[in-house]
Each structure stands twice: as structure tokens, then as C-alpha cells.
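What follows is one structure encoded as C-alpha cells, with my remarks underneath.
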Amino acid sequence: MQVEILYRPSYSVARVLLERKEKIQAEAGAMVGMSPDMQMETEAKGGFLKSISRSMFGGESFFMNTYTGEKDGDRILLAPPLPGDVAVVELNNDSLLVQSGSYLASSEGIQVDTKWSGAKTFFGSEGLIMLRVSGSGTLIISSYGAIHPMELNAGEKYVVDTGHLVSFEEQITYNVKKVAGWKSTLFSGEGLVAELTGPGNINLQSRSQDSFLSWLIPRLPKQTTYVNTGD
């Protein structure tokens, strides 16, 4: 499998080349275009209960699509729903925690599951439930805005707005907390944050869906109600 990322970082698309009988699993709705002979199968990956968990708590689709190349060089274009970046992560018996909505696709040998991060992170917005991606193979993730990679040394801490967190390696410990006092939490526009402690790699996104919606919703036209007076 070969993956090339096009049009970075604003409107990225992943172009995936497959060998004969090679498979790639992708989020429902991610396919932009594909070779005409490529086969597609839609199923609830991991069984009904795991799919329900992934859909309800991980923010992902209940169904996943698996595409199979029928000949060497078959290709498929994949893109996320929001404008932003796409990145490739090669896993070698590793595990990664991925923000809800940032999983795009993966090769065979990679398992996608939902990990409940505990009651202490209940108010952590995107941080309260993460998808746990593990195994060996190619993982394709997406972001809203550009992806900003960082590496934390052992014991090094970094504070991240949960809405800007795309992924981090599972060995990184984290704690969701108030950005400061309750006044700052409620009125600073920052809300709650995740304090990450290395070692390990993290990926951030330069934009936040929550912040965009907070800006957009008050500007949407208000619905006008007309009253029929009978005249």
C-alpha cells in the first residue's frame, strides 16, 4: 500500500494505491473516487456491540467500508468531511489514541476500538472518549485545519485545548482539568484542557470545531414566525 497526501494542508486528500487483493478500511462517506473494478464491502466492524460503542461514544460511523483492489495499481481517493489536513502514521505493534472524528482509514492488521477514559474526563469535550487504534500497518488520520506534530520528552508536560487534540501515543499520560479558575474556564473561551506528559508523540490541529461552531451559530439567521391574522 502506498499513500500520497495531496493539496496540503487546507483541503487534503489521501491517494491510496493498492496491490491485488490488498484491503483498506475507511470511514463511511470518506471515498472521493476509486478505480472502477475495486470492490467495496460495508459492515459493522468488530461486531454489533463494538460498532455501537464506536458510533455512540467515539463519534465515528456505525458502519465501515472496506475496499479491495482487484489488480495491482488500483487506487482510491479518501477525504475527511471538514477542510483540513491528512497525515499517515505507520504503526508497528503500537497503539494510538485518536480524537473523535479524526480517524479516516487504515490497512489490514489495525484494530479500531473505543476506549472509555474514565469519569474524571467526563467534561473533556472531544477528550472524554477517544478511539484506540492498535496493531501494525498504515493509519490515515485527518484534522480540522493543519496538523501540528510534537514530540514530548520523558516527564515533559504540555497543555492542550481538547478541541485541538488529534492523536497521541498511548504511553502518554493525560489529565483533563480546568484551564485556570472557574471564571477563566467559563469566560476565557478556552474551557477545559488536557495536560499531557511524555514521552511520546502528539498531533494537534490548528482549528477547533467547537470554536468554529461557537462563532457561527450566533450569526445564523433567526427563523421568522409568521402569524396568520385571517385578513
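The values are calculated or read from the model by the stated rules, or taken from the named source; none is laboratory data. Values in this document were obtained by computation on a predicted structure and should not be read as measured data. Every residue, glycine as well, gets a Cβ built from its backbone with ideal geometry; the counts of neighbours run over all protein chains shown.
Counting just the residues of region 97-121 that are among the polar types (S, T, N, Q), surrounded by fewer than 21 Cβ atoms within 10 Å (Cβ to Cβ) and at pLDDT below 80, which one comes out farthest from the chain's Cα centre (by Cα)? Lay out the reasoning, then the answer.
Of all residues in region 97-121, those among the polar types (S, T, N, Q) come to 99-100, 102, 106-107, 111, 114, 117, 121.
Those left that are additionally surrounded by fewer than 21 Cβ atoms within 10 Å (Cβ to Cβ): 100, 111, 117, 121.
If we keep only those that are at pLDDT below 80 as well, we get 100, 117, 121.
Numbers: Ser100: 5, Ser117: 16, Thr121: 18 Å.
Restricting to residues being among the polar types (S, T, N, Q), surrounded by fewer than 21 Cβ atoms within 10 Å (Cβ to Cβ) and at pLDDT below 80, the top hit is Thr121.
Select from region 31-54 the residues that are within 20 Å of the chain's Cα centre (by Cα), modelled with pLDDT of 95 or more and buried (at least 16 other Cβ atoms within 10 Å of the Cβ) and list them in ascending order.
The one that is within 20 Å of the chain's Cα centre (by Cα), modelled with pLDDT of 95 or more and buried (at least 16 other Cβ atoms within 10 Å of the Cβ): Met31.
Can you tell me how many residues within region 1-29 are outside any strand (DSSP E or B), touching a Leu at 6+ places or on another chain (Cβ under 9 Å) and modelled with pLDDT under 95? Walk me through how you get there before you give the answer.
Initially, region 1-29 is screened for residues outside any strand (DSSP E or B), giving 1, 7-12, 19-22, 28-29.
Filter once more, keeping what is touching a Leu at 6+ places or on another chain (Cβ under 9 Å): 1, 12.
Of the ones still in play, those that are also modelled with pLDDT under 95 are 1.
Of the residues in that region, 1 qualify.
If only one of Thr197, Thr162 is within 18 Å of Leu97 (Cα to Cα), surrounded by 15 or more Cβ atoms within 10 Å (Cβ to Cβ), polar (S, T, N, Q) and at pLDDT below 95, which one is it? Spell out how you get there, then give the answer.
Numbers: Thr197 fails: at pLDDT below 95.
The match here is Thr162.
Would you confirm, using the coordinates I've provided, whether Pro81 is modelled with pLDDT of 95 or more and of a type outside the set (Ser, Thr, Tyr)? Steps first, please.
Values: modelled with pLDDT of 95 or more: no; of a type outside the set (Ser, Thr, Tyr): yes.
Criteria not met by Pro81.
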